[in-house]
1. What tally of residues in segment 32-64 results from selecting those that are surrounded by 10 or more Cβ atoms within 10 Å (Cβ to Cβ), part of a loop (DSSP other than H, G, I, E, B) and modelled with pLDDT under 90?
2. Would you point out which residue out of ALA19, ALA29 is touching a Lys or Arg at 6+ places or on another chain (Cβ under 9 Å), small (Gly, Ala, Ser), at pLDDT below 85 and within 17 Å of ILE108 (Cβ to Cβ)?
3. Could you tell me whether any residue of segment 65-88 is surrounded by fewer than 13 Cβ atoms within 10 Å (Cβ to Cβ) and at pLDDT below 75?
4. Go through segment 61-108 and count every residue that is closer than 13 Å to VAL43 by Cβ and among the hydrophobic types (A, V, I, L, M, F, W, C).
5. Would you tally the residues in segment 68-110 being in a strand (DSSP E or B), more than 16 Å from ALA19 (Cα to Cα) and touching a residue at least 12 places away in the same chain (Cβ under 8 Å)?
6. Quick one: ALA48 ticks every box in (1) small (Gly, Ala, Ser); (2) touching a residue at least 40 places away in the same chain (Cβ under 8 Å); (3) touching a Leu at 6+ places or on another chain (Cβ under 6 Å) bar one, so which box is it?
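The values are calculated or read from the model by the stated rules, or taken from the named source; none is laboratory data. Remember, predicted model here, so these are calculated numbers, not experimental data. Please note: Cβ atoms are built from the backbone with ideal geometry, for glycine as well, and neighbour counts cover all protein chains shown.
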Amino acid sequence: MSDENQVVQADPSDDEIVADVLNGGDGGAGNRNILDLPVRIVVSIGSAKITVQKLLELSQETVVDLEQLIDDPVDIFVGDRLIARGELVEATDNENGIGVKLLEIVGIGN
């Protein structure tokens, strides 16, 4: 077999491994210790839809009204996958910081 016919299988990226684990897979656990992979969690507090005109008019101290209410749960994502919902709280490890208290796990292993 010549070298040009050989298929080289690339190792999965960290994002692919995390996606597999969130879908209930093992992330290729035989390859390495996946439990030590860093995962970025993004907490979304809301969104707004505005016109291009209003976008161009934004300035410092402008308040953008979000579609959500202040007491609505926040969405918690890993990549583009919703994994949980929670509420904002004062951080326990960071004075004057904020944290999120998990209320519902929705997208891990499903």
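1. 3
2. Working: ALA29 fails: touching a Lys or Arg at 6+ places or on another chain (Cβ under 9 Å).
The conditions single out ALA19.
3. Scanning segment 65-88 turns up no residue that is surrounded by fewer than 13 Cβ atoms within 10 Å (Cβ to Cβ) and at pLDDT below 75.
4. Within segment 61-108, the subset closer than 13 Å to VAL43 by Cβ is 68, 72-78, 82-89, 91, 97-103.
Next, from what is left, pick out any that are among the hydrophobic types (A, V, I, L, M, F, W, C): 74, 76-78, 82-84, 88-89, 91, 98, 100, 102-103.
Result for segment 61-108: 14.
5. Just the residues of segment 68-110 that are in a strand (DSSP E or B), to begin with: 74-78, 81-90, 98-105.
Then keep just the ones that are more than 16 Å from ALA19 (Cα to Cα); that gives 74-75, 85-90, 98-104.
Among the residues that remain, those that are also touching a residue at least 12 places away in the same chain (Cβ under 8 Å) are: 74-75, 85-89, 100-104.
Matching residues across segment 68-110 total 12.
6. With (1) small (Gly, Ala, Ser); (2) touching a residue at least 40 places away in the same chain (Cβ under 8 Å); (3) touching a Leu at 6+ places or on another chain (Cβ under 6 Å) applied to ALA48, the lone miss is (2).
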